[in-house]
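Data first, discussion second: the structure below is written as structure tokens.
The values are calculated or read from the model by the stated rules, or taken from the named source; none is laboratory data. Small disclaimer: the values here were computed from a predicted structure and weren't measured. Neighbour counts run over all protein chains shown; Cβ positions are idealised from the backbone, glycine included. Remember, those area values only see protein heavy atoms, side chains included, never the ligands or the DNA or RNA. Shrake-Rupley method; radii C 1.70, N 1.55, O 1.52, S 1.80 Å.
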Amino acid sequence: MSTNIEIRFTVNGSPRTVAVPPEMSALNMLREVIGLTGTKYGCGEGECGACTILVDGMSVNSCLLFAVDCDGRKLTTVEGVVNEPAGARVRDAFVQAGAVQCGFCTPGFVVQAAHLIDTHGSKLDPETIKRGIEGNLCRCTGYKKIVEAITAAAQEAR
Amino acid sequence: MTVEHYYAPKHLDEALEVLRAGNATILAGGTDVMPQSESGKTPLRKTLVNIRRIAELTGIRLAKNEVRIGALTTISEMMANDLIRKHFPILAESGDHFASEQIRNAGTLGGNVCNASPAGDTLVPMLALDAVVELAAKPNGSVETHTTPLGSFLVGPGKTRRAQGELLVAIRIPVPPAGQVQRFFKFGTRPALDISAIAIGLAAVKTKGVLSHVRLAYGAVAPAIMRGSKTEAVLEGKRLTPELIEQAAQAAHDEVKPISDVRASDWYRRELMHNIVKRMLIDVHEH
Ligand SMILES: Cc1cc2nc3c(=O)[nH]c(=O)nc-3n(C[C@H](O)[C@H](O)[C@H](O)COP(=O)(O)OP(=O)(O)OC[C@H]3O[C@@H](n4cnc5c(N)ncnc54)[C@H](O)[C@@H]3O)c2cc1C
Ligand code: FES
Ligand code: FES
């Protein structure tokens, strides 16, 4: 029998209060308790980046984060990221460049890419992009169009 | 066992009080705790203590002749910090090869030390830089702290000398002496999200071609990160020459005790040790 812990935080700007078991990951909480399914479960062990979210503005793997640790924090998922200028540009650039095939990895890439643009602005070059997406795996595209899309979105940040 | 109690104390004092009762799992960034508990390798204990709200465990400060790095410092924060970049460039560099940005943003230095992986990336430079760990406990109603050299704190894979009620509060590294050179090398098969096949950290004072205060640290070639004391002895106080460099490389090859695993064989790791120690020393010699 596990005790549920009550936590409060904001997701994409809206305040939430939920009760979760202490073992639960933030990824499971987002998908199963809150119902935001844009954040994907790929590997569950920090290797693939499909579960990337922003916590207080930093990108992290939500599968490695304990849900209880979200207490008092500001969470942004792909659903919220695309409402911000950088995220919206990344989304459009992915469509333009054809950087989406099966699409499973896309939410994680969009969140990480938006974070990279917010951190580096228009100085974000392809080399920095490649280093910055080392934690995101894509089994379909071969990455070329993903890097092109992020480069294009970063250039618009000028 | 499922978790029965969860605490997220804001003060060190409270955390130590909870830890004193025992049977607790300490949670920092969770990048080791989560996969290890999910897979059943290290199940969570009855009490889960989330230390991430404790302000006393954060921050990087210069105090007297040492830099004190709070246990909760993330790998990303460490890499961006001016004191670290200035005094301990090889520590900052070890972050460069560490997992991925998402993991660097979550994983902490205290977690990297306490997880005590034989391949822990930050441990190699910290050992070469004479780091000590600061531990706190509250055995009889008041907070007591003591320090231990990192080298004796790390015992084996996942094993440290941390006593049950103790919390690692900080890592302290002396400001390097004048003329110190530092080198770090991590060998993996790909640049990201890869665990070291071997890693080597080197710190030494170089005066007119002679090395002194030589410190070598080796990762992933023994049950815990180890000092290369035999190689250090070959180099200490001597002028660097091609012959001496070859002798040191041979000593490094001979003194490690690697295992064969999916990443590399024992033989291959020893060859790497020889060749990379040689390459690093040639680089020190020439610059
Ligand atoms: C996909 C992946 C890739 C990785 N790649 C690397 C890599 O390249 N190099 C590398 O070195 N590591 C790597 N790691 C391991 C991990 O990210 C690091 O060890 C990290 O520094 C752990 O920090 P944390 O804050 O997440 O620790 P946690 O998971 O919170 O804790 C780790 C351990 O330390 C204990 N602990 C934490 N803080 C304290 C404290 N202050 N006092 C006492 N005990 C404490 C915990 O109880 C636990 O046993 C990787 C992990 C994953 C999942
Ligand atoms: S699901 Fe989190 S990194 Fe793969
Ligand atoms: S588009 Fe299929 S995994 Fe990336």
field: Tabulated pairs, the range B:81-104, first within 14 Å of chain A (Cβ to nearest Cβ) and in contact (Cβ under 8 Å) with a residue 12 or more places away in the chain, second within 16 Å of ligand 2 (Cβ to nearest atom) and among the β-branched types (Val, Ile, Thr), C-beta under 9 angstrom, 6+ apart or interchain
entry: B:99/B:31; B:100/A:133; B:101/A:133; B:103/A:60; B:103/B:31
task: For residue A:87, work out the one condition from (1) outside the structural domain of residue A:141 (by TED's automatic domain parsing); (2) without any contact (Cβ under 8 Å) to a residue 60 or more places away in the chain it doesn't fulfil.
output: (1)
field: Given (1) within 16 Å of ligand 1 (Cβ to nearest atom); (2) surrounded by 23 or more Cβ atoms within 10 Å (Cβ to Cβ); (3) within 14 Å of the chain's Cα centre (by Cα), number of the condition residue A:42 does not satisfy
entry: (2)
message: I'd like to know if the range A:124-137 contains one or more residues that are part of a strand (DSSP E or B), away from ligand 2 (no atom under 15 Å from the Cβ) and open to solvent by 40 Å² or more (accessible area, probe 1.4 Å).
response: no
statement: The lone condition residue A:59 fails out of (1) assigned by TED's automatic domain parsing to the domain that holds residue A:21; (2) away from ligand 1 (no atom under 16 Å from the Cβ); (3) under 15 Å from the mean Cα position of the chain (by Cα) is (2)
message: Given the condition touching a Pro at 6+ places or on another chain (Cβ under 9 Å) and among the aromatic types (Phe, Trp, Tyr), answer yes or no: does some residue in the range B:149-168 qualify?
response: no
Flag if residue B:107 is in contact (Cβ under 8 Å) with a residue 60 or more places away in the chain, within 14 Å of another protein chain (Cβ to nearest Cβ) and crowded, with 18+ Cβ neighbours inside 10 Å: yes
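Residues in the range B:34-51: is at least one part of a loop (DSSP other than H, G, I, E, B), aliphatic (A, V, I, L, M) and more than 13 Å from every other protein chain (Cβ to nearest Cβ)?
Keep residues of the range B:34-51 that are part of a loop (DSSP other than H, G, I, E, B), which gives B:39-46, B:51.
Checking which are aliphatic (A, V, I, L, M) leaves us with B:44, B:51.
The next check asks that each one be more than 13 Å from every other protein chain (Cβ to nearest Cβ); those that pass are none.
For the range B:34-51, residues part of a loop (DSSP other than H, G, I, E, B), aliphatic (A, V, I, L, M) and more than 13 Å from every other protein chain (Cβ to nearest Cβ): absent.
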task: Answer with yes or no whether residue B:94 is closer than 25 Å to residue A:63 by Cβ, within 14 Å of the chain's Cα centre (by Cα) and either surrounded by 19 or more Cβ atoms within 10 Å (Cβ to Cβ) or of a type in the set (Val, Ile, Thr) (or both).
output: yes
query: Which residues, counting only those in the range B:54-91, are of a type in the set (Ser, Thr, Tyr) and open to solvent by 30 Å² or more (accessible area, probe 1.4 Å)?
result: B:58
